1. Counting just the residues of segment 44-87 that are free of Cβ contacts under 8 Å to residues at least 12 places away in the same chain and in a loop (DSSP other than H, G, I, E, B), which one comes out surrounded by the fewest Cβ atoms within 10 Å (Cβ to Cβ)?
2. Can you name every residue in segment 166-184 that is more than 18 Å from the chain's Cα centre (by Cα) and buried (at least 24 other Cβ atoms within 10 Å of the Cβ)?
3. Taking residue 258 as the residue in question, decide whether it is away from the ligand (no atom under 16 Å from the Cβ), under 30 Å from residue 4 (Cβ atoms) and modelled with pLDDT of 95 or more.
4. All but one of (1) within 18 Å of residue 366 (Cα to Cα); (2) within 16 Å of the ligand (Cβ to nearest atom) hold for residue 186, so report the exception by its number.
5. If I ask for residues that are away from the ligand (no atom under 16 Å from the Cβ) and part of a loop (DSSP other than H, G, I, E, B), which ones from segment 302-323 would you list?
6. Here's a check for you: in segment 7-24, which residue that is at pLDDT 95 or above, surrounded by fewer than 17 Cβ atoms within 10 Å (Cβ to Cβ) and in contact with a strand residue (DSSP E or B) (Cβ under 8 Å, 6 or more places away or on another chain) is nearest to residue 77 (Cα to Cα)?
7. Under 25 Å from residue 309 (Cβ atoms) and surrounded by 15 or more Cβ atoms within 10 Å (Cβ to Cβ): does that describe residue 227?
8. Restricted to segment 282-301, and to residues that are within 13 Å of the ligand (Cβ to nearest atom) and part of a strand (DSSP E or B), which residue is farthest from residue 364 (Cα to Cα)?
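The values are calculated or read from the model by the stated rules, or taken from the named source; none is laboratory data. Note that the structure is predicted; figures quoted are calculated from it, not measured. No Cβ is skipped: glycine too gets one built from the backbone with ideal geometry, and neighbour counts run over all protein chains shown.
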Ligand code: AMP
């Protein structure tokens, strides 16, 4: 167990907090979705209410080590000021004398937002000097940006070498759920995988097979699995280079007595377009047709497996859900999960986006805020930004 923000006394202390304020912006640099900011509010408010001096830091976009005004944190400081109903000052940089001065003048309960960390190339290189300069701004470090925990950057891992380091409330919840489902999940456990790339998901399957009972596969990745079982897949997306690996997965699954469930029917079209004519086909997909969603029989068979599962982990949409004609599979399964009593853990990225779109987020046990980080957790990898935090 890692220490969290509630385990330390923040009163009068300079609290350096890594948050994920990498929000989407439109062309006029207006924030189009502030859920990453609102997600960090519990940790932020905790520090303010307990009399800490809060120094927030994040990256935004991909400025690649250059000062790029379009990626300034200014719109974030503005939105945060509105949300907190107090003035959040934005520093012009994230290191340097001016920033030191600003911090030294802070009073308890005040908040400063540092300028984009990735204006310095040293951030992603985890440069020790840069990390030391960041760390000099705080007395304690709080990690609340799960989406960056799988990267050893100066602001995620580097600073922990110089400061006592604890998890914020967001990261704490992520650790709690992912530790549980990867180490000691309540059985039966179902793992639902979808999305486009097989290769990305193989390490997850290899790591999770000993801990799960059922593996349900949909999305484009299902076609590589179906092809290896000699099913007709038409013109669906396939990774021929992964066929051998997939055969080994079937062998490994039988060793671990895991049932693999693949699509039995498909929503197909002749082109990837929301206006293309689509139809449902059973079993084999005819030549020239592309599988773009799981069909209704598959949905029913997946529900049958899921209804008795105590733990359900889901990563990757079951069809090309961004286009309405191919979104039913993902939607149906999401709706079904939202009514179950099971522990439901949803990986970040596309799957999380689909659940939020449907307004079902409150009904899931946990929706990860990190796509890449949640995958690496499921792969059994040690996340540098988590490993570096102090133990309880
Ligand atoms: P990944 O990043 O590998 O999890 O892939 C996510 C993407 O896979 C999403 O944009 C989905 O729309 C897409 N996807 C899911 N199913 C299919 C499919 N049958 N054909 C093409 N793309 C798909």
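1. Among them, the one singled out is 85.
2. 166
3. No.
4. (2)
5. Of everything in segment 302-323, those that are away from the ligand (no atom under 16 Å from the Cβ) and part of a loop (DSSP other than H, G, I, E, B) turn out to be 307, 308, 309, 310.
6. 12
7. For residue 227, the condition - under 25 Å from residue 309 (Cβ atoms) and surrounded by 15 or more Cβ atoms within 10 Å (Cβ to Cβ) - is not met.
8. Filtering first and then ranking leaves 285.
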